[in-house]
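The values are calculated or read from the model by the stated rules, or taken from the named source; none is laboratory data. This one's a predicted model, so the numbers in the text were calculated from it and none came from an experiment. Using ideal geometry, Cβ is built from the backbone for each residue, glycine included, and neighbour counts are taken over all protein chains shown.
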């Protein structure tokens, strides 16, 4: 058993610079072996940059990193695997056109190509993973793009476990897990930890961080704000490190205007029939991420077909359906406003409007020509919100709109929604976050079973 006082990683004055952006600013810290360490902080804090450096995906600009007492100079991710460091990225790291089992097989082949396993008996048994997680892996026969986000996460977790590493880095791995599934995930991490494995856990969810962690590292704007054992801190102290005191949402009253009447058949079993007032937010919750996505897009299609209103949608899987990944920030921002001929903005006015919105949303970026792929997930979500604001929507459908976003960014987006509702904009909120529904003063509507 490893000694928890042994140092796994030691960072000395580590800085990472992208162009003019300082992603990590003179970071010095120590990560101990045999424990679960969480990295927590607001959007753009440098969390993902840090873990990508630790697993060989990114190189530091200056400073030193020691791993198990030796200076670490990665040439790439494969070399990190050889040293026993396994990274599961936020986008799952899966090949979407292959099945789950084909992804598992590729993971095995990668290990064999690295001559990592001495014989087949060293390969972990998938049945043990299945029994630990208490899940049905039959959907692994489907192609990855056909899986729900939760199923993709379970597949990615299984693939990471197959590497049988000394260090597991989980980057936002619980974003779409229910409370029940999160408990299973916690059990899994506890089992890994009991065998002396070290775990680095990245999450925007404060409750998860305190449930899972032995130690919490807080980052803000690329700087180290705090590093403490869980026993020596609390949620209030951690949150206060990066959230301003004036983050309470404004109090509003919805205007009493004529409603939109929506009567939409989602599928053979489900139907939605409700009224949506101008300036109102209604919420729908199925606790099924794939059904939430189906409901959102069916409502989007129905409203565009049966109403004269400008309808927008913000999907939960922003990296696939929300952004234009090969375009610049500016091209992503103006994409929707260009689609509406009666809403094309003069370039200078458009830039003024964008600056006003992104300043309010506290978007962190280098310049308008920067590729959107270089932004964090939270900043990408702010871009999508800004795009629809510029398009002057009447109704905006939100599918898990703040999933995987830190508390400060979440609060900013909530306040923006409330302000727009006060201006007469209407929202259909599809979320499993009960707190989010309360924050946005939403009216819950039921789903009718038609057969």
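Counting only residues that are under 16 Å from the mean Cα position of the chain (by Cα), at pLDDT 85 or above and on the phi > 0 side of the Ramachandran plot, the range 44-67 holds 1 of them.
Residue 287: at positive phi and modelled with pLDDT under 85, yes or no? Working first, answer last.
On the way: at positive phi: yes; modelled with pLDDT under 85: yes.
Taking the combined requirement at face value, the residue satisfies it.
So that you can scan it fast, the table gives a plain yes or no per residue for (1) in contact with a helix residue (DSSP H, G or I) (Cβ under 9 Å, 6 or more places away or on another chain); (2) over 19 Å from residue 293 (Cβ atoms); (3) at pLDDT 85 or above; (4) not assigned by the TED database to the domain that holds residue 201:
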| site | (1), (2), (3), (4) |
| --- | --- |
| 395 | yes, no, yes, yes |
| 418 | yes, yes, yes, yes |
| 421 | no, yes, yes, yes |
| 429 | yes, no, yes, yes |
| 440 | yes, yes, yes, yes |
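Between 329, 313, which is under 24 Å from residue 149 (Cβ atoms), modelled with pLDDT of 85 or more and either buried (at least 21 other Cβ atoms within 10 Å of the Cβ) or not assigned by the TED database to the domain that holds residue 439 (or both)? Explain how you work it out, then say what you get.
On the way: 329 fails: under 24 Å from residue 149 (Cβ atoms).
The unique qualifying residue is 313.
The single condition from (1) in contact with a strand residue (DSSP E or B) (Cβ under 9 Å, 6 or more places away or on another chain); (2) more than 26 Å from residue 48 (Cα to Cα); (3) surrounded by fewer than 19 Cβ atoms within 10 Å (Cβ to Cβ) that residue 371 fails is (2). Counting only residues that are at pLDDT below 85 and in contact with a strand residue (DSSP E or B) (Cβ under 6 Å, 6 or more places away or on another chain), which one in the range 222-253 is surrounded by the fewest Cβ atoms within 10 Å (Cβ to Cβ)? My answer is 241.
Kindly indicate whether any position in the range 208-215 is at pLDDT below 75, within 20 Å of the chain's Cα centre (by Cα), in a helix (DSSP H, G or I) and buried (at least 18 other Cβ atoms within 10 Å of the Cβ).
No, every residue in the range 208-215 fails to be at pLDDT below 75, within 20 Å of the chain's Cα centre (by Cα), in a helix (DSSP H, G or I) and buried (at least 18 other Cβ atoms within 10 Å of the Cβ).
Taking the options 121, 175, name whichever one is over 17 Å from the mean Cα position of the chain (by Cα) and either outside any loop (DSSP other than H, G, I, E, B) or modelled with pLDDT under 70 (or both).
The match here is 121.
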